[in-house]
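Below is one structure; the comments refer to it alone.
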Amino acid sequence: RDRPIQASTFRAMFSSSKLALSILAIAAGAEAFAPAAPGIAHRAPALRMAKINNDQDQAAEKVVDNEKLAAGDKGVYCRCWKSKTFPKCDGAHNEHNKAEGDNVGPLIIAVDK
């Protein structure tokens, strides 16, 4: 036999659901529950990455290096921004990887003869 839900039980369920949703919204960020604008895909807010270039050409708007490789040449380039011979790799990523638990390594480009 079905019994009607008591008003006090309904209020308690609604109140705890509202609390749970509020906590979830805070944890996930308000954008996660906001409706997306028509025609725009909804996505979670982007995380801001820490600055990675703390040494190389700080005055430049963008650090760009160009190098021409001849047939048979190989270039080993830094991707951790910690090399003292930037843009060439000097192995500084090894110390960074140990300290940070990271796995970054160099970019190696070889040109066939």
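Derivation of every value follows stated rules applied to the coordinates shown; laboratory data play no part. The structure presented is a predicted model; accordingly, all values stated were derived computationally and were not measured. So basically every Cβ, Gly included, is an ideal-geometry build from the backbone, and we count neighbours across all protein chains shown.
Restricting the first member to the stretch 49-69 and to residues that are farther than 16 Å from Lys82 by Cβ, and the second to residues that are hydrophobic (A, V, I, L, M, F, W, C), the beta-carbon pairs closer than 6 Å and six or more apart or on different chains are Leu69/Val111.
Checking each residue in the stretch 94-113 for being part of a loop (DSSP other than H, G, I, E, B), under 20 Å from the mean Cα position of the chain (by Cα) and of a type outside the set (S, T, N, Q) picks out Gly101, Asp102, Val104, Gly105, Pro106.
The set of residues in the stretch 55-76 being over 22 Å from the mean Cα position of the chain (by Cα), of a type outside the set (Gly, Ala, Ser) and surrounded by 10 or more Cβ atoms within 10 Å (Cβ to Cβ) consists of Asp57, Asp65, Glu67, Leu69, Asp73, Val76.
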